[in-house]
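Written out below as structure tokens is the structure these notes cover.
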Protein chains: 2
Amino acid sequence: MRLLASVQFGRIAFSRYALPVIRPVDHIVAGDEIIVYVGAAISISSYQQVVAYEVDTIDHRTRLGWCVIVTGDAEFVSDPAEIDRYHALLTGHPPEHGDRIIRIHPDIVTGVEYVDAASGR
Amino acid sequence: MRLLASVQFGRIAFSRYALPVIRPVDHIVAGDEIIVYVGAAISISSYQQVVAYEVDTIDHRTRLGWCVIVTGDAEFVSDPAEIDRYHALLTGHPPEHGDRIIRIHPDIVTGVEYVDAASGR
């Protein structure tokens, strides 16, 4: 979670109409929760839904870095004060029509570090 | 697909036991198909299954770059000659026990380019 908090964006995966969906999104970590700005374009269920969230720093050239994967329940943030506060932190501007923010409650957190083969893995 | 072929890794998302799974993986593009090395650790169904595949070059600092998302059927590559050829291209070493390679038949391909706000989006 510390590594995840050190980066500001990742990829969220969930099912929609029984098909897998994956999108790059921005996030912050607040307490034990991951707060994700999904804009107006991402249609997760309005009900609680399980999502997977992936953050990595894998370098395209060296292929070194780390990867953290979280699985947990997600739900829309509905409290207006929270929406305003998170929106400012995530986007730097006020909410626009249809903008949505979700919170993920991490249930499973796994991580992999990719290090130089010469120094082991 | 040209952009996707210019990068060697991405993130694959699929459902397993009705839960969303996301993993960073290496890929190549062969003809109209995306060939993905999933190693021994990723358990997609042995049957054909729909997956989402995401490749991006989003910069952690500037947040600029592009993102390509593909949805399509995936299946294990089973032809031994293809396995050997793809394995050499993807990993540079011969297959090890349990190593798996899948092919994705792209059905939907979408892309987003993130450019500097000053120059539009």
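The values are calculated or read from the model by the stated rules, or taken from the named source; none is laboratory data. Since the structure is predicted, the reported quantities are computational estimates derived from the model, not experimental observations. Reconstructed Cβ throughout: ideal geometry from the backbone, glycine too, with neighbour counts over all protein chains shown. SASA here: full protein model, heavy atoms, side chains in, ligands and nucleic acids out. Shrake-Rupley method; radii C 1.70, N 1.55, O 1.52, S 1.80 Å.
Out of (1) farther than 26 Å from B:Ser15 by Cβ; (2) more than 14 Å from chain B (Cβ to nearest Cβ), what's the single condition that is false for A:His93?
The number of the failed condition is (2).
Scanning for something open to solvent by less than 40 Å² (accessible area, probe 1.4 Å) and in a strand (DSSP E or B), does segment A:77-100 turn up at least one residue?
no
What's the total number of residues in segment A:51-81 that are more than 10 Å from every other protein chain (Cβ to nearest Cβ), of a type in the set (S, T, N, Q) and over 16 Å from A:Tyr37 (Cα atoms)?
1
Quick one: what pairs do we get from segment B:104-120, first residue among the acidic types (Asp, Glu), second surrounded by fewer than 13 Cβ atoms within 10 Å (Cβ to Cβ) and at pLDDT 95 or above, C-beta under 7 Å, 6+ apart or different chains?
Once the first residue is among the acidic types (Asp, Glu) and sits in segment B:104-120, no partner that is surrounded by fewer than 13 Cβ atoms within 10 Å (Cβ to Cβ) and at pLDDT 95 or above comes close enough.
Only residues that are open to solvent by 50 Å² or more (accessible area, probe 1.4 Å), free of Cβ contacts under 8 Å to residues at least 24 places away in the same chain and over 20 Å from A:Gly72 (Cα atoms): list them for segment B:13-59, please.
B:Gly31, B:Ala41, B:Asp59
Does segment A:65-73 include one or more residues that are under 30 Å from B:Gln8 (Cβ atoms) and either open to solvent by 20 Å² or more (accessible area, probe 1.4 Å) or basic (Lys, Arg) (or both)?
yes
Which ones in segment B:1-50 are β-branched (Val, Ile, Thr) and at the interface with chain A (Cβ under 9 Å from one of its Cβ atoms)?
Passing the criteria: B:Val7, B:Ile12, B:Val21, B:Ile22, B:Val50.
When you look at A:Asp84, is it more than 9 Å from chain B (Cβ to nearest Cβ) and either under 11 Å from the mean Cα position of the chain (by Cα) or not hydrophobic (A, V, I, L, M, F, W, C) (or both), yes or no?
In short, yes.
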